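Worksheet for the structure shown next.
The values are calculated or read from the model by the stated rules, or taken from the named source; none is laboratory data. In this text the structure is predicted, and so the values were computed from the model without any measurement. Here the Cβ positions follow ideal geometry from the backbone for every residue, glycine too, while neighbour counts run over all protein chains shown.
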Amino acid sequence: MQGFKEDFYLNFIKDDRWRYIADGLGTTFSVTFFAAVFGIFLGFLIALVRSTVDKGGSKSVFLKVLDGICKVYLTVIRGTPAMIQLLIMYYIVFSSPNVSKQVVAILTFGLNSAAYVAEIFRSGIMSIDQGQFEAGRSLGFSYAQTMLYIITPQAFKNVLPALANEFITLLKETSICGYIALTDITHGANTIRSQTYEPYLPLLGAALIYLIIVCVLTAGVSRLERRLRTDAR
Amino acid sequence: MQDNSMVLFDIQDLCKSFGELKVLEHISTRICQGEVVVIVGPSGSGKSTFLRSLNLLEEPTGGKILFEGRDITDPKCDINRHRQKIGMVFQHFHLFPHKTILENMTLAPMKLLKKSKQEAEAKAMQLLERVGLEEKANAYPSQLSGGQKQRIAIVRSLCMDPDVMLFDEPTSALDPEMVGEVLNVMSDLARGGMTMVIVTHEMGFAKEVGTRIMFIDEGHIKEENTPKEFFANPVNPRLKEFLSKVL
């Protein structure tokens, strides 16, 4: 017990080392949050384009070209590791030193997440019975109005759990931020370890923090799922 | 046909094929205001495709459809505006499950006809009363029986004040004891002077409510006549065979 107290003091209290973790927590949260917002926005747009073309709802050449671009985008993003994407963004795309690392991380994870979110949304839209679509159109709604008022609200409800899980994955994935020397929880913990030569407490502590956040989020997701189930539909 | 009354649908040489498969071949007919046209025929004969072509849920591959004098198959025509005047009822109801009954009924009038909420709801409640479902206004579709869902689907279309109603096998997905309640609503509607085009297998209903029965087989209108003549003196051999099976 005495040993633990000393270790705890050394790793977290002495020289205010807890700040590495605290700052890292802030970075992890803000990168995850803004990347998620960006991912939802872009992912939703991609899903709209993809499902519109999939349904054969449009003969526009412009949309078909856009769909082609989206497909390439999805293939590249989902076919390469997030870490490589992060390094490419930092060292190649934004090689200027004036760009904030946090912005680079948000953009990278946002673009990465958008690919997965797009496929989640698309599967949600495609899972809605074609009859819903026809009912909307037969009342006089345009394609866009039918999507807006009838299809996407139902699709969104169906994919909420999958979407929430995607963001839990995203949160854990941000642990590679350290590779561009951005201090997130993982990088903070690793910095402490390198100063104290004590691997146990910093690393296990960081793991515990992730675990707690994920548990809280998961609990939130299952509450959401329960509420959606009991909701009259 | 009755040339003196107003022609709602003027169908000229309508063709529809899915790839190699020709479903409708050169169909021409007119549907006038106040008519109740009942379409019968064996399954796969093209009768549903014909009905769904009338509001362009199926896009014709040939020919023209004039609705109230305008060619709705013309790509320049704003089909969404014309669809507001063409109500449609489906075999599987297709109520919006995420909305209450009242919301199902007021969505289109509020968004498309720019009616106020009060106005749209007043009209919806009035129609709900007509079909005896006013106490279901705040229920969700999942809480209704099949027959109730179909009655709601009918009044949801009526909320748009359509000039014509299309029915695509409205009772085929219902339990037998619920067929009557839906047919009653449709009979009321017909008595009220609504123009209706109905695809159905309910021959008794066709005979009683229809003003004209149309037999579609192999993509053609093989015979059409008044209900009395249609059932009493069928001419086409395919129709004779069909009637002998279903009657």
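Only one of the numbered conditions (1) closer than 19 Å to residue B:54 by Cβ; (2) within 14 Å of another protein chain (Cβ to nearest Cβ) is violated by residue B:189, and that is (2).
Let's see how each residue does on (1) of a type in the set (S, T, N, Q); (2) part of a loop (DSSP other than H, G, I, E, B); (3) modelled with pLDDT of 95 or more; (4) surrounded by 14 or more Cβ atoms within 10 Å (Cβ to Cβ):
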{"site": "B:2", "(1), (2), (3), (4)": "yes, yes, no, no"}
{"site": "B:22", "(1), (2), (3), (4)": "no, no, no, yes"}
{"site": "B:25", "(1), (2), (3), (4)": "no, no, no, yes"}
{"site": "B:43", "(1), (2), (3), (4)": "yes, yes, no, no"}
{"site": "B:53", "(1), (2), (3), (4)": "yes, no, yes, yes"}
{"site": "B:64", "(1), (2), (3), (4)": "no, no, no, yes"}
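Residue count for segment B:223-247 under the criterion of being more than 15 Å from residue B:200 (Cβ to Cβ) and assigned to a loop (DSSP other than H, G, I, E, B): the result is 5.
Applying the set (1) crowded, with 16+ Cβ neighbours inside 10 Å; (2) more than 8 Å from chain A (Cβ to nearest Cβ); (3) not in a loop (DSSP other than H, G, I, E, B) to residue B:73 leaves exactly one unmet item: (3). Is there a residue in segment A:105-114 that is over 16 Å from residue A:175 (Cα atoms), in a helix (DSSP H, G or I), at pLDDT 95 or above and touching a helix residue (DSSP H, G or I) at 6+ places or on another chain (Cβ under 6 Å)? Yes, because at least one residue in segment A:105-114 is over 16 Å from residue A:175 (Cα atoms), in a helix (DSSP H, G or I), at pLDDT 95 or above and touching a helix residue (DSSP H, G or I) at 6+ places or on another chain (Cβ under 6 Å). Meeting the requirement of 1 or more residues that are of a type in the set (Asp, Glu) and either within 30 Å of residue B:159 (Cα to Cα) or at pLDDT below 95 (or both), the helices (runs of 4 or more DSSP H) wholly within segment A:136-233 are A:152-173, A:200-230. Under the condition of being polar (S, T, N, Q) and more than 19 Å from the chain's Cα centre (by Cα), the residues counted in segment A:175-191 number 2. For segment B:41-61, taking the residues that are more than 13 Å from the chain's Cα centre (by Cα) and touching a residue at least 60 places away in the same chain (Cβ under 8 Å), the one that is nearest to the other protein chains (Cβ to nearest Cβ) is identified as B:46. Of all residues in segment B:124-163, those being crowded, with 23+ Cβ neighbours inside 10 Å, away from every other protein chain (no Cβ under 13 Å) and under 13 Å from residue B:185 (Cβ atoms) number 1.
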